[in-house]
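Novice: Okay, here's the structure, questions in a sec.
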Amino acid sequence: VHPRVAGWIEDLHVKAAGDPVRAGEPLYALYSPDLVSAQEELLLALRADNRALERAARDRLAALKVPASLVKAIEKDRAVRQTVTFTAEHDGIVDELGIREGFYVEPGTTLMAIGALDSIWVEAEVLERQAAQVRVGMPVRMTADYYPGREWHGRVDFIYPSLDPVTRTLRLRLRFANPDSALRPNMFTHVSLEAPAGEAVVAVPAEAVIRTGAGDRVVLALGEGRFRAVPVELGAHGEEFVEVRAGLAAGDRVVTSAQFLLDSESSRRAGLERLSATPGEIDATDHGERDHGGMDHGAMDHGEMDHSRHGEGAP
């Protein structure tokens, strides 16, 4: 909210950021010599019964955002108001409040910011490896701990052009309808981006991947108590599974980390050393194994996001 003229804040009806306001409710009263002069011009035109001057005076008052109801009152009782009260143009929440009573303001001064909460923006981040899957317009689901069991559906509104150099994440702006104003500025939410279903891919449980300095590996179950560590090339990461682009075939059986237990601490260390070295067969007993096959790659990680900005504006 910006003033159209210079002047002094006489009365401030909004007391603090976070106050709700309704369209038409008073926000502040301003004393300005320019506003007084514009009213006097209208009264002079009325006394002279000059229609052209009357239209010009009304247009000037409208350009200065003087409420139409006040202009009618001035015409009716032929009296100048020393202060003019300005009202809210729409429902919303006061996001920022930069003035107090007695402040001198001028055009360009930000008096306050009022955000409409019927439609809100949510800022989220996705990992670098997931960035290629994100598209503007992609559907999004959102939940909030504050409203257990409730779910909102929205879309990706904007993708920021660059990644954060520290976190290696890509920022997104999501838009959600918020007709009951349940979502408020600065709330945290959980967001799930619904990537379109793609072709079937080879994937393994995330816990089956052994990460070493020499690369990523998984342990194949060969049967009869024999195992072999193989290098793999990983692709997209889901919440529980990881795509394997090379190194495995559909139907291979792999060992999950929770089941791959060796008999002693020393043999465990030796086994891990062999897994990190050139792939080879390992003999063991009582190891668990898991079928590994194709899966549809479509879901992305959930994450907890900072709900900070709202449209237009945004929680």
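Since every read-out is calculated from the coordinates, none of them should be taken as a lab result. Owing to the predicted nature of the structure, the values given are computational and were not obtained by experimental measurement.
Novice: Name the long-range amide H neighbours of residue 25: under 5 Å, sequence gap of 5 or more, or other chain; modelled H, no Pro or chain starts.
Specialist: 88
Novice: Counting only residues 5 or more places away or on other chains, whose amide H sits under 5 Å from the amide H of residue 10 once H atoms are built in the peptide plane?
Specialist: For residue 10, the qualifying residues are 29, 30, 31, 102.
Novice: Using amide H atoms built in the peptide plane, which far-off residues or other-chain residues are under 5 Å from residue 95 H to H?
Specialist: So residue 95 has HN proximity to 18, 113, 114, 115.
Novice: Another one. Output the direction-averaged projected area (hull surface divided by four) of the convex hull of the alpha-carbon atoms of the stretch 1-144, in nm².
Specialist: Mean projected area for the stretch 1-144: 12.5 nm², to one decimal.
Novice: Continuing with this model, one more query. Could you derive backbone 3J(HN,Hα) for the stretch 170-186 from the dihedral phi with the Karplus parameters 6.51, -1.76 and 1.60 (θ = phi - 60°), listing whole Hz in sequence and x where the residue is Gly or Pro?
Specialist: Once rounded to whole Hz, the list reads 10, 7, 10, 10, 10, 10, 9, 6, 9, x, 9, 6, 5, 7, 10, x, 6.
Novice: Per residue of the stretch 69-86, what does 6.51 cos²θ - 1.76 cosθ + 1.60 with θ = phi - 60° give for ³J(HN,Hα)? Whole Hz please, x for Gly and Pro, Karplus curve as stated.
Specialist: For the stretch 69-86, the Karplus-derived couplings read 5, 5, 4, 5, 5, 5, 5, 6, 9, 6, 10, 7, 8, 6, 10, 10, 8, 9 Hz, x marking Gly and Pro.
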